[in-house]
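J.: Take this structure, written in structure tokens, and hold onto it; I'll ask about it next.
The values are calculated or read from the model by the stated rules, or taken from the named source; none is laboratory data. Because the structure is predicted, anything quoted here is derived from the model rather than measured. All Cβ positions, even for glycine, are placed from backbone atoms using ideal geometry, and neighbour counts span all protein chains on display. Quick note on the areas: whole protein, heavy atoms, side chains included, nothing else; ligands and nucleic acids left out. Shrake-Rupley method; radii C 1.70, N 1.55, O 1.52, S 1.80 Å.
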Amino acid sequence: MHYDTMPTNLLAPSQMIQINLNVIRCLILIFAILSSAVSVAKERWQDDSYIEDSFIKIALQREYKETNYPKIIRWKKPIRLYFESDAGDAKLQKELLSVHAQHLAYITGLSIDFTQHTSDANIFVIFTKYDQLEDKVRQYIGDPENIRAALDEAICLGNFRRNSHYEITRGAIIIPVDYARRKARFLDCIVEEITQLLGLPNDSNDVFPSVFNDVSVDTYLSPLDYILLKALYSRHIKPGMNVTQTRKLFPDVLKELHSNGDINNAAQRVQQYSLKRYLGD
């Protein structure tokens, strides 16, 4: 029996090996290019214009008070916290407050510590019961009717005073422990209220991710919050600056934040000394 055979072009083993190596090299090169592209891709909150717009909304607008000529406010003097609790686990409350306060000190460079003397304090942090809320407002803030909108809508309260130089000189935070826990916002109250008292007083649903966004699920400071705090206490930003002045100097702020690596590394740096890391969340 006769079989016809077709000629076949077989490659030598050395040629096959060479082709395989070339394919591998190409795949490695493609992977490197893709990895590089991913590494340089930025989140929306790392965009310069988004950071600037977010800063204007959070630092230069007010949640419950319309301001025709808003200006930058922030602390100049060291912060001394007075802690008081007549509801819940006081030891735990002070521990959580202390961790977050030191986190803010690390980010901003402010000196933040506790004092046992009301005469030395400039921020009063009060943990109480919901039915005692208005009494505490009268004691530490003033007439409850002056902040009726906040009392009716907010779960916890923060209030500040400033001097003629737009430096914050005094603040009060009141957290109704039972009500905050019922709303699953106890940790949120600790984190958001004292952070806002540093000079970022507004909430905006346009700013994300952020504890200043009422519809977000952020309990702890986000990378964007870290950047906003760094910007607020930048040497280029001064108390009393209006929107126009702030926008004019904000490119210098951004340049500094980029130079320091604060924008590119915000996701890692915001975790240093954070309450989130402390609690293992």
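J.: Is it the case, given these coordinates, that GLU193 is part of a helix (DSSP H, G or I) and open to solvent by 40 Å² or more (accessible area, probe 1.4 Å)?
T.: In short, no.
J.: Can you run down the residue pairs with Cβ atoms below 7 Å, 6 or more apart or on separate chains, where the first is in the stretch 160-175 and within 18 Å of PRO144 (Cβ to Cβ) and the partner is part of a loop (DSSP other than H, G, I, E, B) and open to solvent by 60 Å² or more (accessible area, probe 1.4 Å)?
T.: none
J.: Here's a follow-up. Among (1) within 27 Å of GLN268 (Cβ to Cβ); (2) crowded, with 19+ Cβ neighbours inside 10 Å; (3) of a type in the set (Phe, Trp, Tyr), where does PHE160 come up short?
T.: (1)
J.: Suppose the filter is of a type in the set (Gly, Ala, Ser) and either open to solvent by 40 Å² or more (accessible area, probe 1.4 Å) or at pLDDT below 95 (or both); does ALA154 pass it?
T.: yes
J.: Restricting attention to the stretch 196-206, which residues are open to solvent by 20 Å² or more (accessible area, probe 1.4 Å) and either free of Cβ contacts under 8 Å to residues at least 60 places away in the same chain or aromatic (Phe, Trp, Tyr) (or both)?
T.: ASN205
J.: Quick check on my filter: what residues within the stretch 225-236 are within 18 Å of the chain's Cα centre (by Cα) and either within 15 Å of LYS71 (Cβ to Cβ) or of a type outside the set (Lys, Arg) (or both)? Walk me through how you get there before you give the answer.
T.: Just the residues of the stretch 225-236 that are within 18 Å of the chain's Cα centre (by Cα), to begin with: 225-234.
Hits for the stretch 225-236 are ASP225, TYR226, ILE227, LEU228, LEU229, ALA231, LEU232, TYR233, SER234.
J.: Could you grab me the full set of residues in the stretch 99-154 that are closer than 15 Å to ALA87 by Cβ and under 20 Å from the mean Cα position of the chain (by Cα)?
T.: VAL125
J.: Here's a follow-up. Which number in (1) buried (at least 21 other Cβ atoms within 10 Å of the Cβ); (2) within 21 Å of TYR166 (Cβ to Cβ); (3) free of Cβ contacts under 8 Å to residues at least 40 places away in the same chain marks the one condition that GLN245 misses?
T.: (1)
J.: Separate question: Scan the stretch 264-278 for residues that are more than 13 Å from the chain's Cα centre (by Cα) and open to solvent by 70 Å² or more (accessible area, probe 1.4 Å) and jot them down.
T.: Hits for the stretch 264-278 are ASN264, TYR273, ARG277, TYR278.
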